[in-house]
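J.: Got a structure here, written out as structure tokens. Questions coming.
The values are calculated or read from the model by the stated rules, or taken from the named source; none is laboratory data. Being a predicted model, the structure only gives us computed values, none of them experimental. FYI the Cβ positions are ideal-geometry reconstructions off the backbone, even for glycines, and counts take in every protein chain you see.
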Amino acid sequence: MISLASYLVISMILFVVGLMVMIARKNIVAILLGIELVLNAAALNFVAYSKFVTNNLDGHIFALFIIVVAAAEAAVGLAIVIRFFQLKETIHIDEATQLRN
Amino acid sequence: MEYSIGNIAPIFLCPFFAFVINAFFGKKLPRQGDWLAVLAIFISFIFSLRIFLDFAGSTFATDYYIHKVFNWFDLSAGGQTFKVDMGIYIDNMGAIMLLMVTGVATLIHLFSTWYMHDDPRYGRFFVYVSLFTSAMLGLVLSDNLLSVFIFWELMGFCSYSLIGFYYEKEKAGDASLKAFMTTRVGDVFFLLGIVAIWQLVGSVNFVDIYAAIAEGKFVGQQVLGISLATFAGFCVFMGTIGKSAQFPLQVWLPDAMMGPTPCSALIHAATMVAAGVYLSLRTYPLMVAGELTQFIALIGAITAFGAATIALVQTDLKAVLAFSTISQLGYMVMGVGVGSYNAAFMHLITHAVFKACLFLSAGSIIHSVHEQEMPKLGGLRKKLPYTFIAMMCCTLAIAGVPFFAGFVSKDRILGDALFWGVFAGQSKIWAIVPILGFAGAFLTAFYMFRMMFLTFFGKPRDHHIYDHCHEEHISFNSNVPLLILTVFTLGFWYCGTLTGQSFGKVFGSKTEWFKILVEAPRVERFVGRTREPFSAVDTRVKAELPKAVYEHQTGYVGPAAGDEHGIHKAHLIGAIASIFIAFGGIFLAFLMYIKGSVKPLADTFSGWTTALKNRYYFDDFYVGVVIQKGMIPFNRFLAWFDMGVYDRFAIDGWAKVNRVAFRASRWFDDVVVDAIGVDGTGVAVNLFNLVLRIVQSGKIQFYFVVLILTLASYIWTINL
Amino acid sequence: MFLNTLFVMSALLTVVCAVLVLTTKNIMHSCVFLLGSLIGIAGLYATLGADFVAVTQVMVYVGGVVILMLFAVMLTGGKDFISKAQNLMGLAPTMGNTWTYAVAGLVGLVFLLTNIQLLSRLGTMSKLKNDGAFESTVNKIGHLLVKDHVLSFEISSVLLLGALVGAAIIARPRKQ
């Protein structure tokens with residue numbers, strides 16, 4: 001009963017939900033949460049294809065790198081959020097419309 | 001001896017670098033950089049002395065020279081040759097000149113540190129003086145007329161700046177302009193002469209000019225109906241007339257005393273006026289080829305006599321010296337004209353020494369008493385003993401008293417003039433030249449001793465000034481330079497004999513070095529002469545003259561060397577006449593100003609005195625006639641032509657054309673450029689702005705939505 | 001059977017928590033639900049035999065990233081931050097309103113349809129079954145990382161260092 005299609009559907013749901021979070025929320029941290037969901041959806045796809053289609057471990061490696069990149073992205077992103085909050089005293093995404101000053 | 005660029009160029013470059021450094025950093029240096037200027041000129045002096053000792057050392061060679069050239073620029077193309085070389089040319093005359101200029105300039109620099117010490121523009125004075133000296137040294141080192149002209153003009157600028165040094169005084173400003181403008185008249189001719197020579201010879205190098213004369217290139221060449229050699233020689237000589245203040249362009253030199261006294265000493269002795277005579281000596285073969293010698297002799301004689309008469313009535317100390325300079329320059333030019341090349345150059349050197357000393361003495365007096373009107377002075381002998389000694393020696397020298405340098409050189413010029421005018425078989429009309437010369441010599445002795453008697457002898461006429469004056473003490477920069485120069489006013493330094501004649505020899509005939517070394521250029525020697533590049537090191541050994549040549553040359557070198565008897569007679573008469581004339585002049589001055597037994601001139605010839613006081617109305621003539629009647633109407637005519645003809649027809653007519661073109665272009669500008677181009681662009685930008693303002697909101701989520709929808713649309717397009 | 005149970009529970013945890021991340025009105029809760037969703041994904045990795053990835057997922061995400069998120073939420077003003085500018089300029093509330101959800105729903109729907117369209121094309125490939133035959137991947141991944149993928153491994157180390165330094169520089173307080 002556990003076929004490739006079931007993983008792909010779960011991945012798709014995660015992706016779409018992450019997308020909707022990114023669009024619906026106005027909080028920068030919440031948008032980052034959405035991004036994490038999307039990344040995880042992609043990683044899940046890699047691992048699933050690695051299991052069912054290619055039968056090697058490259059998908060696993062890719063998933064690992066996605067986790068690494070996501071961690072780095074989260075660290076830098078959150079640093080930017082904190083800095084932004086210090087400057088503007090808000091984390092509303094629509095306040096971040098200027099390239100400088 | 002070895003000659004490379006490294007031991008010749010410093011002569012010119014040291015003062016020049018002193019000028020550059022002082023001009024930019026002088027204010028930051030201790031003592032405003034005067035030590036730098038003095039040191040630089042002293043280094044030049046050392047290098048010049050080295051060259052001089054080589055040239056005039058133990059062996060004598062008339063044909064010894066250094067000639068180094070480098071290519072300044074080369075615009076030759078195809079068959080056309082246009083190549084300009086610059087270079088250094090030193091012969092015996094140049095070596096002696098270098099030593100004189102650097103030596104006198106060193107002492108003047110030293111004196112200036114005392115004379116100018118409380119001047120607010122102390123540093124600036126040394127800036128100008130360094131440039132002035134370096135320009136003169138560059139002129140002496142030059143091997144061609146073009147670089148001579150460059151340094152010539154540089155000196156013109158420096159004299160302009162120095163004469164107008166006290167620019168707060170209106171007279172000083174006027175005098176500097178006058179000097180600049182008057183010499184400019186001569187310079188224009190000089191440049192014309194250079195061009196004339198260039199187009200014939202293809203070079204303005206002295207050596208090339210001499211060679212061209214020797215090869216006869218000038219023969220038969222004509223320009224504007226007169227001989228080219230005459231034209232070129234006349235033009236170059238006009239440069240001399242302007243620079244050396246000859247008749248009729250002598251008017252600027254008396255006014256040049258508005259500058260500081262050391263600068264007057266420099267202008268009158270070592271640099272500016274000497275350059276003119278030096279140039280005419282250098283171009284002497286051209287003058288001969290152009291048959292200009294009689295004209296030159298006449299100009300010199302007129303100047304010598306005329307300036308001497310004006311000097312009779314001057315009451316200003318420096319004015320007397322200024323007119324005596326003009327008069328002495330007249331003797332030099334006369335010497336050139338009568339073919340007394342050697343004596344003319346010797347007079348240039350001796351005059352430089354004693355005139356520098358006279359001006360420095362005058363500076364010493366002026367600085368001590370703050371007064372230069374002679375009627376207010378008197379009896380200064382006791383207060384200024386060293387200045388008195390120096391000035392007395394120089395006055396004896398310029399008056400032509402035996403044993404002094406002026407006697408030697410002037411007597412030789414006068415002797416040659418006498419021979420040339422009376423015994424050489426020319427038309428008797430030219431006897432006017434020696435007559436004017438002897439008359440001028442008499443007047444010289446008279447007015448110089450008049451100056452001495454009024455200044456140093458008798459009773460003080462203005463006790464306030466007299467009491468104000470301090471006792472003079474020996475000091476290395478106030479009166480030691482005067483005393484050093486005084487030593488060289490003695491005649492035997494230059495001729496080896498006490499009198500300058502063949503009797504009374506002190507050091508034997510070999511000390512007639514001056515006579516042997518300096519002679520008029522023999523043009524045939526210069527044909528095919530080699531010159532070497534700048535980088536080469538010259539190690540030629542000087543060849544001693546053959547004994548026969550040597551003995552011949554210790555004899556007479558003047559006009560027409562064949563007629564020994566006539567020359568001897570002329571010189572003997574000249575010498576005796578000179579001595580009587582000198583003492584006569586001195587005695588007359590003594591009677592007038594010490595004994596008081598003869599009434600001064602002014603009372604007996606009052607009309608004549610007025611003319612003299614107005615300097616023969618030359619200034620009035622130039623201002624009233626040449627400028628008022630000549631130049632100003634000419635300017636008016638030019639102005640009328642400019643306004644009435646050129647402006648009305650050419651400019652206004654062109655304006656009408658422009659007006660039509662303007663209408664057309666305005667229509668084009670309004671309709672096409674403005675309405676369509678400029679405003680259309682604006683409207684287009686506005687439209688895009690309306691759209692882009694919505695799209696480019698800076699809101700990241702909007703971009704994100706667009707991104708996702710675009711991606712989706714791609715997938716749909718590809719898959720369906 | 002165990003595999004099926006694990007799969008169903010993990011899938012449910014993942015999907016339900018993800019939807020709750022989307023719908024909850026509290027940013028703090030949202031973070032916690034994300035935690036659940038990520039743990040569910042770790043479970044899904046486990047059902048795929050990716051033991052190493054699953055453990056990494058739990059350690060890095062659950063132990064690191066989500067905790068970081070929680071710190072960020074707390075440092076930036078807690079659960080329901082409403083700024084002054086938000087009131088004055090009439091911006092949407094930070095956790096979204098009907099309008100933002102409507103837009104998000106529209107975009108999500110479009111994307112969902114697109115994906116379904118793509119998935120329907122997979123055909124028989126989607127029928128591949130999980131055979132349940134697993135072996136440890138740690139050893140092999142270790143070999144792969146230092147052999148075939150050594151370059152990306154090194155680059156990722158540089159990336160992490162850069163992120164570390166960059167985050168420190170960006171977030172440091174600036175002197176006026």
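J.: Does B:VAL401 qualify as being within 19 Å of B:GLY300 (Cα to Cα), surrounded by fewer than 24 Cβ atoms within 10 Å (Cβ to Cβ), in contact (Cβ under 8 Å) with a residue 40 or more places away in the chain and more than 25 Å from the chain's Cα centre (by Cα)? Lay out the reasoning, then the answer.
T.: Numbers: within 19 Å of B:GLY300 (Cα to Cα): no; surrounded by fewer than 24 Cβ atoms within 10 Å (Cβ to Cβ): yes; in contact (Cβ under 8 Å) with a residue 40 or more places away in the chain: yes; more than 25 Å from the chain's Cα centre (by Cα): yes.
Answer is no for this residue.
J.: Scanning for something touching a residue at least 60 places away in the same chain (Cβ under 8 Å) and at the interface with chain A (Cβ under 7 Å from one of its Cβ atoms), does segment C:134-151 turn up at least one residue?
T.: yes
J.: Restricted to segment A:1-24, and to residues that are more than 16 Å from C:LEU119 (Cα to Cα) and touching a residue at least 12 places away in the same chain (Cβ under 8 Å), which residue is nearest to the chain's Cα centre (by Cα)?
T.: Of everything passing the filter in segment A:1-24, A:GLY18 is nearest to the chain's Cα centre (by Cα).
J.: As an exercise: evaluate C:LYS129 against (1) within 30 Å of C:LEU6 (Cα to Cα); (2) more than 7 Å from every other protein chain (Cβ to nearest Cβ); (3) among the charged types (D, E, K, R) and give the number of the one condition it does not meet.
T.: The number of the failed condition is (2).
J.: Ok, one more. Of these, B:ASP118, B:ASP143, which one is modelled with pLDDT under 90 and surrounded by fewer than 21 Cβ atoms within 10 Å (Cβ to Cβ)?
T.: Only one candidate qualifies: B:ASP118.
J.: Got at least one residue in segment A:32-47 being farther than 16 Å from C:LEU38 by Cβ and either within 12 Å of the chain's Cα centre (by Cα) or within 7 Å of another protein chain (Cβ to nearest Cβ) (or both)?
T.: no
J.: Within segment B:311-339, take every residue that is in a helix (DSSP H, G or I) and polar (S, T, N, Q) and give me the one that is surrounded by the fewest Cβ atoms within 10 Å (Cβ to Cβ).
T.: Looking at residues that are in a helix (DSSP H, G or I) and polar (S, T, N, Q), I get B:SER327.
J.: Tell me yes or no: at least one residue of segment B:69-86 is in contact (Cβ under 8 Å) with a residue 12 or more places away in the chain, crowded, with 17+ Cβ neighbours inside 10 Å, within 25 Å of the chain's Cα centre (by Cα) and within 26 Å of B:VAL104 (Cα to Cα). Working first, answer last.
T.: To start, the set of residues in segment B:69-86 that are in contact (Cβ under 8 Å) with a residue 12 or more places away in the chain comprises B:69-72, B:81, B:83-86.
Narrowing further to those that are crowded, with 17+ Cβ neighbours inside 10 Å: B:69, B:85-86.
In the following step, the residues that additionally are within 25 Å of the chain's Cα centre (by Cα) were identified as B:69, B:85-86.
Remaining after also requiring within 26 Å of B:VAL104 (Cα to Cα): none.
Checked segment B:69-86: no residue is in contact (Cβ under 8 Å) with a residue 12 or more places away in the chain, crowded, with 17+ Cβ neighbours inside 10 Å, within 25 Å of the chain's Cα centre (by Cα) and within 26 Å of B:VAL104 (Cα to Cα).
J.: Would segment B:388-397 turn up any residue that is touching a residue at least 60 places away in the same chain (Cβ under 8 Å), surrounded by 21 or more Cβ atoms within 10 Å (Cβ to Cβ) and part of a loop (DSSP other than H, G, I, E, B)?
T.: no
J.: Then there is this: Given the conditions (1) at pLDDT 85 or above; (2) exposed (fewer than 11 other Cβ atoms within 10 Å of the Cβ), which single one is not true for B:PHE649?
T.: Failed condition: (1).
J.: Just one of (1) within 30 Å of B:ASP620 (Cβ to Cβ); (2) more than 19 Å from the chain's Cα centre (by Cα) trips up B:SER161, so point out which.
T.: (2)
J.: Out of segment A:72-96, which residues are among the β-branched types (Val, Ile, Thr), within 8 Å of chain C (Cβ to nearest Cβ) and within 15 Å of A:LEU32 (Cα to Cα)?
T.: A:VAL76, A:ILE80, A:VAL81, A:ILE82, A:ILE91
J.: OK, next. For segment A:12-23, how many residues are crowded, with 24+ Cβ neighbours inside 10 Å and more than 7 Å from chain C (Cβ to nearest Cβ)?
T.: Of the residues in segment A:12-23, 2 are crowded, with 24+ Cβ neighbours inside 10 Å and more than 7 Å from chain C (Cβ to nearest Cβ).
J.: Another question about this same structure. Go through the residues of segment B:144-161 one by one and say whether even a single one is farther than 29 Å from B:THR530 by Cβ, acidic (Asp, Glu) and touching a Phe, Trp or Tyr at 6+ places or on another chain (Cβ under 8 Å).
T.: For segment B:144-161, residues farther than 29 Å from B:THR530 by Cβ, acidic (Asp, Glu) and touching a Phe, Trp or Tyr at 6+ places or on another chain (Cβ under 8 Å): absent.
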